[in-house]
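Right, one structure below, let's go through it.
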Amino acid sequence: MTHNLPKLPYEINELTPYISVETFEYHYGKHHKAYIDNLNNLIIWTEFENLSLEEIIKKAPAWGVFNNAAQVWNHTFYFSWFTPNSTKIPMKKTLELINRDFGSFENFKELFNKSATSNFGSGWTWLVLNKEWKLEIINTSNAWNILTMEDKKALLTCDVWEHAYYIDTRNSRPKYLENFWNIIDWEKIESFL
C-alpha cells in the first residue's frame, strides 16, 4: 500500500492571513510530504507494507516507522480540521460539551492555549473525548498521538512544532494560537461527535 499526500479541503491561499501560503508550502508541501515519502520507503518489504496508517501506528514499535506514520496521521488530522469559513465558535453539541466540562468556550480556549503554550519542545495539543464522554485537553510530544490511547477520540489538534508557525509568527506560539482559533471547522467537529 502506498500512502499519499491527501488533498486539502481548501486552497492553500484561503487561510491567509491566519496561515500564509509560504507556511503551507513548507508545512504541508514539504514536512507533511516528507513524512509520507519516508514512511513509504521504510515499509517496503516489511510487515507494515500492506497495512493502513492506523494499523501501522498501533503495531509499529517506537521510532522509524512509527514516527513517520504517526506524523502523517497527525498532520492529516490537523490540516483537515481547518476551513476558510469558520463559524469561530463551536456548534450546539460541541458547545454543550465544552460548557459542561470547561465552564465556557472562553475558559476552554484559555486552558487549551495554556496547555499548547506550555507543551515543551515539539509536539501536539489535543482536544479529546474519553470513554466516559468527557472532554480532555492532552499534550503529546514529538510524533505521539491519540491512536496510541485506546480510550480517547481526537476531536481537534494543534501542531506546536515550530515549523507550524515560525514563518508567520516567528517564535510567538501564543500569536499562532490566536490565529488558530479563526480557522477551525467547528461544523466538521460537530459531525464527528
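Each reported figure results from applying straightforward, stated rules to the coordinates on display, with no laboratory input. Because the structure is a prediction, the values reported are computed rather than measured. So basically every Cβ, Gly included, is an ideal-geometry build from the backbone, and we count neighbours across all protein chains shown.
Each listed q (0.09, 0.16, 0.20 Å⁻¹) maps to a log10 I(q)/I(0) for the stretch 35-193 from the Debye sum over equal C-alpha point scatterers, namely -0.31, -0.94, -1.33. Can you pull a Stokes-Einstein diffusion coefficient for the stretch 1-114 at 25 °C (0.890 mPa s), Rh from Kirkwood over Cα pairs, as a whole number of µm²/s? Taking Rh from Cα pairs, D becomes 150 µm²/s.
With one equal scatterer per alpha carbon and no solvent term, the Debye-computed log10 I(q)/I(0) for the stretch 144-193 at 0.18, 0.30, 0.31, 0.32 1/Å reads -0.72, -1.07, -1.10, -1.13. With a Cα cut-off of under 20 Å and a minimum spacing of 8 residues unless on different chains, the lysine pairs in the stretch 92-192 number 24. The mean sequence separation of alpha-carbon pairs under 8 Å and at least six residues apart, normalised by the residue count of the stretch 21-80, gives a relative contact order of 40 percent. Against the main long axis of the alpha-carbon atoms of the chain, helix 92-102 sits at an angle near 80°. In the chain, the longest principal axis of the Cα atoms and the axis of helix 33-43 are about 40 degrees apart. Would you mind calculating the gained length between Trp181 and Asn40 on full extension (0.36 nm times residue separation, minus the Cα-Cα distance), in nm to one decimal? Fully extending the segment from Trp181 to Asn40 adds 47.5 nm. Note on the stretch 64-114: Cα-Cα pairs beyond 12 Å make up 72% of the total pair count.
The magnitude of the dipole of the chain, with charges of +1 and -1 set on the Cβ of Lys/Arg and Asp/Glu and taken from the Cα centre, is near 280 debye. If you wrap the Cα atoms of the stretch 21-80 in a convex hull and average its projected area over all directions, you get 4.0 nm².
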